[in-house]
Each structure stands twice: as C-alpha cells, then as structure tokens.
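I have placed the structure first, in the form of structure tokens, so that the comments after it can refer back to it.
A short reminder: the numbers here are calculations on the coordinates, not readings from a lab. Nothing here was measured: the structure is a model prediction, and the numbers come from that model. Backbone-built Cβ (ideal geometry, glycine too); neighbour counts: all protein chains shown.
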C-alpha cells in the first residue's frame, strides 16, 4: 500500500527541492565561468593519475598554460578530450563539477 504524504511533508519536500535547484544553478554558474583547471582537478575529471595528465599536456592533447611553475589545463580542452573518449555530456558535466568542488 502506498503512503500519501501530508500537506506539511509535501510542502517541506517542495521547499527542499527549490533549495537544491538554486544550489545546482549556482554550482553550474561557478563551473561554467571557470576556465582553467589544476592537474589534480583534471586527473579527477578524467579519472586517471596526475602523471597521465602531465603526459597528456606534454603530448599537446590538452590546452594548457602555466601560472608560475603550476600547469593549468583549459576546461574546454578537457571537455573535448572526454568527448573524444565517448563520455556522455551529462557524465562530463558531473565529472567537471565534482572535480572543481572537491580538489
């Protein structure tokens, strides 16, 4: 038998959903405004080691620049690399957002 939520429970769920939608929109804005990723962030997004990211940079498969001695990779080139590996768009967005938030 299915249990129907009370009006108060339903209102609480709707309010929580609205909060999550606002948070999600904020995070998307943060990620889409971000242009450069660190090597650890790229490694997390691509799901490989930091050394592999360095090899991809050396092989010119990722657009990069240096900030001092720290290499940074262009987020668009990381996205293109993942698309070339046949990773789904939704999965790419999830990986990039996760990498940006947890490194």
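Please report how far the C-alpha centroid of the stretch 49-103 lies from that of the stretch 1-32, rounded to the nearest whole angstrom.
Between the Cα centre of the stretch 49-103 and that of the stretch 1-32, the gap is 31 Å.
Give me the percent relative contact order of the chain, please, defined on Cα pairs under 8 angstrom at least 6 residues apart.
29
Using the count of nearby Cβ atoms within 10 Å as a rough guide to exposure, how do 60, 86 rank from fewest to most?
So the residues, fewest neighbours to most, are 86, 60.
Summing -39500 (n - 2.57) over the DSSP H runs of n ≥ 4 in the chain and dividing by its residue number, what mean residue ellipticity at 222 nm do you reach, to the nearest 500 deg cm²/dmol?
-21000 deg cm²/dmol
Per the Kirkwood definition applied to all pairs of different Cα atoms, how many angstroms is the hydrodynamic radius of the stretch 1-55?
14.7
Over all directions, what mean area does the Cα convex hull of the stretch 1-94 project, stated in square nanometres?
Orientation-averaged projected area of the Cα hull: 9.2 nm².
What does the highest-first list of 91-98, 13-20 look like by mean Cβ count within 10 Å?
Per-residue Cβ counts within 10 Å, averaged per peptide and sorted highest first, yield 91-98, 13-20.
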